[in-house]
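Worksheet for the structure shown next.
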């Protein structure tokens, strides 16, 4: 078994809600991430899926220390990095980089591609001495499948897929061990999505990278991920290998997500049991008591409103299919292939 390179323990990120102009008083909190725990192993890809607003991007920002955690721990190789600052945080960030969602806004339009990719070298000059930076940037362009001669071009001269390749090259510049991909293909055409996913897989093999891959498209997550975590309203509701999640999902929210995946075969599409959830996702400022999914769940009972379900291996799963799920009444339903 590969060692854990990243461990997240009871991670919480609340944003305070205040009232008043001069004398602000906290009257509540938006519970964007509320007690999440998981591990990322060296060389693996952990996919994180869930609806918009469930806390996926906030989780990524907290792991990068772009947002300070309210409580909990983020352990990189055993060291808690959640409260680091200054030089210590700068040193850790060299090993954990991020690829952002929108390639149109994540690149500075006033900077050339060479300046964008080479900017990390300004912060960490030990990675590439000043005289070697142009060659280092051209090598990175070549690695991500772009012409090294494009070094003096500007972002507006590239397509969306090419811009995301530039973002990936920037993420690779400091030779990190972990790359957090925050929906890196959601703004791209389907054919371009496949090219970028294939590039990420190739780079993982070439450089031994570990990925946390955030997305809402379950088909893409299954293609690239070794394990999958499902988030709902700031909580992790199910986590396991891709096969365990896609073939033996036990949480009703995961089952609803899988039933919404498009199926190209008309016969299979008509015969499968589609789950349509009632209502909207509740506000993270006022989440339901007990199980947060209970207001939309067809199996909810009184216990669900009173007791928070623990993320644990349910008794309905045995052997290789065993994985963690946070549901009081778990069951395995037959799913159409995603």
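The values are calculated or read from the model by the stated rules, or taken from the named source; none is laboratory data. Small disclaimer: the values here were computed from a predicted structure and weren't measured. Methodologically, a virtual Cβ is constructed for each residue, glycine included, from the backbone with ideal geometry; neighbour enumeration extends over all protein chains shown.
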Is it true that some residue in segment 191-210 is part of a loop (DSSP other than H, G, I, E, B), surrounded by fewer than 23 Cβ atoms within 10 Å (Cβ to Cβ), more than 14 Å from the chain's Cα centre (by Cα) and at positive phi?
-> yes
With the structure loaded, tell me whether residue 102 is crowded, with 16+ Cβ neighbours inside 10 Å and under 21 Å from residue 211 (Cβ atoms) or whether it fails that test. yes
Of (1) modelled with pLDDT under 90; (2) surrounded by 14 or more Cβ atoms within 10 Å (Cβ to Cβ); (3) in a helix (DSSP H, G or I), residue 216 fails just (3)
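This table checks each residue for (1) in a loop (DSSP other than H, G, I, E, B); (2) farther than 26 Å from residue 10 by Cα; (3) at pLDDT below 95; (4) out of contact with any strand residue (DSSP E or B) (no Cβ under 8 Å at 6 or more places or on another chain).
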{"residue": "247", "(1), (2), (3), (4)": "no, yes, yes, yes"}
{"residue": "263", "(1), (2), (3), (4)": "yes, yes, yes, yes"}
{"residue": "310", "(1), (2), (3), (4)": "yes, no, yes, yes"}
{"residue": "329", "(1), (2), (3), (4)": "yes, no, yes, yes"}
Picked from segment 171-190 (must be touching a helix residue (DSSP H, G or I) at 6+ places or on another chain (Cβ under 7 Å) and in a loop (DSSP other than H, G, I, E, B)), the residue modelled with the lowest pLDDT is 187
Of those in segment 174-187 that are in contact (Cβ under 8 Å) with a residue 40 or more places away in the chain and crowded, with 23+ Cβ neighbours inside 10 Å, the residue nearest to residue 113 (Cα to Cα) is 184
Checked against (1) more than 26 Å from residue 244 (Cα to Cα); (2) in contact with a helix residue (DSSP H, G or I) (Cβ under 9 Å, 6 or more places away or on another chain); (3) loosely packed, with under 12 Cβ neighbours inside 10 Å, residue 273 satisfies every condition except (1)
message = Checking the structure you have, find out if any residue of segment 293-306 is in a loop (DSSP other than H, G, I, E, B), in contact with a strand residue (DSSP E or B) (Cβ under 9 Å, 6 or more places away or on another chain) and surrounded by fewer than 17 Cβ atoms within 10 Å (Cβ to Cβ).
response = no
> Could we say that residue 289 is part of a loop (DSSP other than H, G, I, E, B), within 16 Å of residue 31 (Cβ to Cβ) and over 24 Å from the mean Cα position of the chain (by Cα) here?
Replying inline: yes
May I ask you to verify whether residue 151 is in contact (Cβ under 8 Å) with a residue 60 or more places away in the chain and in a helix (DSSP H, G or I)?
-> no
What do you reckon, is residue 28 part of a strand (DSSP E or B), touching a residue at least 12 places away in the same chain (Cβ under 8 Å) and touching a helix residue (DSSP H, G or I) at 6+ places or on another chain (Cβ under 9 Å)?
no
Exactly one of 22, 11 is surrounded by 13 or more Cβ atoms within 10 Å (Cβ to Cβ) and either part of a strand (DSSP E or B) or without any contact (Cβ under 8 Å) to a residue 40 or more places away in the chain (or both), and that one is 11
Q: Determine if segment 60-79 includes at least one residue that is at pLDDT below 95, loosely packed, with under 15 Cβ neighbours inside 10 Å, within 16 Å of the chain's Cα centre (by Cα) and closer than 22 Å to residue 172 by Cα.
A: yes
